[in-house]
Amino acid sequence: MTAEKSGTTGRRSGAETRADGTGAKNPPDDAAGAGPGSGSPDERASGADSSGEDDTAGTVTSAGKAKRTRKARRTGAAKAAGAASTADKTSTADKAGAGTDKAEAGTEAGTEAEARDRADAAKKDGDAAEKSDAAKQDGTGDDEPADPWSAFGPAPEPVLGRPRRAVRAVGRFLLHEWTLAVVAALALAAAMTWPTLRYPRHTLPQDYWDPSLQAWQMAWSGHILRTNPAQLWHSNTFYPENWSFAFSDTLLGYAPAGLIGVGPEHAVLRYNIMFVLAHALAAFGAYALARQLGAGRIGGAVAGASFAYAPWLLAQAGHLHIISNGGIPLALAMLARGHGWSLRYGYRPRRRHAGWAFAGWLVAAWQLSLGFGIGLPFAYMLAGVVLVSVVLWFVRRRKVKRPFGRRLFLADVLGGLVFAAVGAALAVPYFKVAELHPNAERTIGDIGLYSPPASGFFTAPAESRVWGGLHEGARAVLPWHPEMTLLPGFVLYALAAGGLFFSVWRVRHRIFLLAGVLVTMALAMGTRFFGGRFTYVPLFDYLPGWSGLRTPGRMMLWTTLLLGLLAAGAVTAFCMRVRELAAERVPPWPGPWLRLATLLPLALVLVEGLNATPQPVVPRQPAALRTVDGPMLVLPSSQNLDQPVMLWSTDRFQPMVNGGSGFTPRSQARIREATVSFPDYASVDYLRQIGVKNVVVLRDELEGTPWEGMLDRPVDALGVAREQVGEAVVFRL
């Protein structure tokens, strides 16, 4: 019974030692008087009992110390490791208890020596077990534990080398939303404009008249920047006129592309590449604007696709200066980002960034350099935004301290000055042309010829693959259907209408967007909307430069953008609702199908934008255009025939009378009239007086023109040399 009490006490003593954390064993003096042969038999028996108690308690205490060390080293590990630690503690206590039981059995046998031997053996077994457990934990047999406080600190971050850091940075860049958006915009542009890139050196979209002119414009700007930038506005065409590069929109912003390559084939290739990139920029710019204003990714994609691939834009495939509109939404997105403003979340001063605002002004200036056809309304819109912002600043400056901030204010001032300077520098040549050529100015009568009726908003051009054939009858009643088929898409109409009632935009913002849609539609109708007295005519009369815009239907660009923002709000709200429904479904299996349904509006918008645009082969350059010097005249000559001639001159850029633009200079009209009888004395003498040295006659183009039969006339008495150069006849004056 005494031994049983001793063993129990020993187990309790070990437990108490673990609780207080001291880990100290009983001092050896406590067992000194328990040696054999000292005192009475009762005392000797008592000494044996005491020895057994001390040894057992010491064993359990040692086990407690080892377990506390392991526990500290395992602090902060996973729950599974904690469970394993608890099992180790139980196992150790069981081993110590087993040793104590052996000592108790020896005491009951009545021999104190045997009890001491059994107790020593139990102690050795417990120590061996503890050492084995410690070795299993740290993988070594070392009794010295590591610093227990290190287990409480976070795991150190791995130190990556420079190659791995570079790979990680590249990976983050490739998977960023804007990188994916750019790649998607490029891939979509190549697919939606196909087959533009099928034979990019030999075909042009829609026709080879205006595209040839614009291919020449890019080639000329690159050529003159390399050779003599001071002569930029005095091109090689429309000889002997000056400022001829300003006879139409110049696409000057594409001049860097014109630095690459020489000749007609490179000019055609350059045009086709920029044609595809213009679509990609339009989609990306509208996507960026919708995202900045607060739309979701799919809503932004709908806005971008509807803006870049609206059916009415298919009729403008031959006008690169109209297709090149992506700088408008992109600049607006940058300016909104720089000012910390969005349609959905309002004004957030902490999100202001002067750099984005300045970049937005630069993009706006670049957009203006592509032409005033769409750049001029954009400039006036920005001027209106600045005016409203100034008014709001004066109204709110007492409520909000420095609502713009000093850096942002300076960025706006400098950026606005850059934009104004670019606009002024580009406007000077056009004002000069208007002064020298009064017939270049448009009249209200000219505007009326190109003003579409209301039915034009529901009529698609012939280049629309989906609606082109179905709307053939509706186009037949339009006076000039290429500029009057203004359908932005029935799907877009439906989505925008839904966005008036179900949207992430606030109600007042939906009303503002709807008002913008109606106003821009009224402007697009020109003089068809109550004679334009309250819409287009005041702008025509009072805004500088507005009288040079002859096609009011191109205001549909703004209508399409605003409709796209209304649609983006509706699609974003729809996607949010779909996510909520998918999260609430039990079981959740319909979730992926519901999310897939959110792509349906985007797919329908893209289907409506599919094109059936013809891709005619560009007429081959005559060999004479590569060898004959200027000043020269190529016959026959007309608005359409002269545009491919301009493209053919991109090998050498010889001065030539030929040229096509939005108007015909009087000098060019006189030359065409004087040379109808060429070659005769009067025409030859007139050409010599104005400095023309060579006349190139394209034999295959004479039929059906006023110059038909000219090659049968004699030249012997005129002092003119005539020779055949390839398929052309050259008269050297």
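The values are calculated or read from the model by the stated rules, or taken from the named source; none is laboratory data. What you see is a predicted model; the values in this text were computed from it and never measured. Every residue, glycine as well, gets a Cβ built from its backbone with ideal geometry; the counts of neighbours run over all protein chains shown. The protein model used for the area step is the full one, side chains on, heavy atoms only, and it has no ligands, DNA or RNA in it. Shrake-Rupley method; radii C 1.70, N 1.55, O 1.52, S 1.80 Å.
Points worth noting:
- Leading residue by the ranking (most open to solvent (accessible area, probe 1.4 Å)) among those in the range 487-506 that are assigned to a loop (DSSP other than H, G, I, E, B) and either among the small types (Gly, Ala, Ser) or touching a Pro at 6+ places or on another chain (Cβ under 6 Å) (or both): SER503
- Options ILE323, ILE298: the member that is of a type in the set (Val, Ile, Thr), modelled with pLDDT of 95 or more and closer than 23 Å to THR613 by Cβ: ILE323
- ARG577 vs. criteria open to solvent by 10 Å² or more (accessible area, probe 1.4 Å), charged (D, E, K, R) and under 30 Å from ASP210 (Cβ atoms): no
- Test: residue in the range 701-720 that is within 30 Å of GLY548 (Cα to Cα) and surrounded by 12 or more Cβ atoms within 10 Å (Cβ to Cβ): no
- Being open to solvent by 20 Å² or more (accessible area, probe 1.4 Å), out of contact with any Gly (no Cβ under 7 Å at 6 or more places or on another chain) and among the hydrophobic types (A, V, I, L, M, F, W, C) is a description that does not apply to MET556.
- Condition check for GLY326: in contact with a Leu (Cβ under 6 Å, 6 or more places away or on another chain), closer than 19 Å to TRP178 by Cβ, of a type outside the set (A, V, I, L, M) and open to solvent by less than 20 Å² (accessible area, probe 1.4 Å): yes
- Number of the exception - VAL729 against (1) open to solvent by 20 Å² or more (accessible area, probe 1.4 Å); (2) free of Cβ contacts under 8 Å to residues at least 60 places away in the same chain: (1)
- Flag set for GLY318, criterion: touching a residue at least 12 places away in the same chain (Cβ under 8 Å) and not in a helix (DSSP H, G or I).
- Residue list for the range 453-475, restricted to those being of a type outside the set (A, V, I, L, M) and in contact (Cβ under 8 Å) with a residue 60 or more places away in the chain: PRO453, GLY456, PHE457, PRO461, GLU463, SER464, ARG465, TRP467, GLY468
- Cβ-Cβ contacts under 6 Å between residues 6 or more apart (or on different chains), taken from a first residue in the range 476-489 that is within 25 Å of GLY564 (Cβ to Cβ) to a second residue that is of a type in the set (Ser, Thr, Tyr), are listed as GLU483/TYR450; GLU483/THR551; THR485/THR459; LEU487/THR459; PRO488/THR560.
- Hits in the range 341-363 (condition: part of a helix (DSSP H, G or I) and closer than 15 Å to GLY415 by Cβ): ALA354, GLY355, TRP356, ALA357, PHE358, ALA359, GLY360, TRP361, LEU362, VAL363
For every residue, the table says whether it meets (1) touching a residue at least 24 places away in the same chain (Cβ under 8 Å); (2) closer than 20 Å to SER244 by Cβ.
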| site | (1), (2) |
| --- | --- |
| SER637 | yes, yes |
| SER649 | yes, yes |
| PRO655 | yes, yes |
| VAL676 | yes, no |
| ASP680 | yes, no |
| GLY691 | yes, yes |
| ASP712 | no, no |
| ALA721 | no, no |
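- From the options TRP312, TRP366, residue that is touching a Ser or Thr at 6+ places or on another chain (Cβ under 9 Å) and outside any loop (DSSP other than H, G, I, E, B): TRP312
- Neighbours by Cβ (under 6 Å, 6+ apart or cross-chain): first from the range 279-296, in contact (Cβ under 8 Å) with a residue 60 or more places away in the chain; second assigned to a loop (DSSP other than H, G, I, E, B) and of a type in the set (A, V, I, L, M): LEU293/LEU343; GLY294/LEU343
- Qualifying residue in the range 662-671 (condition: among the polar types (S, T, N, Q) and more than 27 Å from ASN439 (Cβ to Cβ)): no
- Taking the criterion of being farther than 29 Å from ALA303 by Cβ and open to solvent by 90 Å² or more (accessible area, probe 1.4 Å), the residues of the range 160-185 that qualify are ARG162, PRO163, ARG164, ARG165, VAL167, ARG168.
- Those residues of the range 225-264 which are among the β-branched types (Val, Ile, Thr) and in contact (Cβ under 8 Å) with a residue 60 or more places away in the chain, in sequence order: THR237, THR250, VAL262
- Criterion: open to solvent by 40 Å² or more (accessible area, probe 1.4 Å) and in contact with a His (Cβ under 9 Å, 6 or more places away or on another chain) - qualifying residue of VAL262, VAL268: VAL262
- Filtered residue count, the range 641-667, keeping only those that are crowded, with 24+ Cβ neighbours inside 10 Å and more than 19 Å from TRP216 (Cα to Cα): 0
- Within the range 668-689, considering residues that are over 57 Å from the mean Cα position of the chain (by Cα) and in a loop (DSSP other than H, G, I, E, B), the one surrounded by the fewest Cβ atoms within 10 Å (Cβ to Cβ): SER677
- A search for C-beta distances below 9 Å between a residue of the range 614-634 that is more than 30 Å from THR196 (Cα to Cα) and any residue that is part of a strand (DSSP E or B) and charged (D, E, K, R), counting only pairs 6+ apart in sequence or on different chains, returns VAL628/ARG732.
- Condition met for ALA336 (in a helix (DSSP H, G or I), more than 20 Å from PHE512 (Cα to Cα) and under 21 Å from the mean Cα position of the chain (by Cα)): no
- Some residue of the range 471-480 being within 30 Å of ALA573 (Cβ to Cβ) and more than 27 Å from the chain's Cα centre (by Cα): no
- Condition met for THR250 (surrounded by 23 or more Cβ atoms within 10 Å (Cβ to Cβ), over 32 Å from the mean Cα position of the chain (by Cα) and in a loop (DSSP other than H, G, I, E, B)): no
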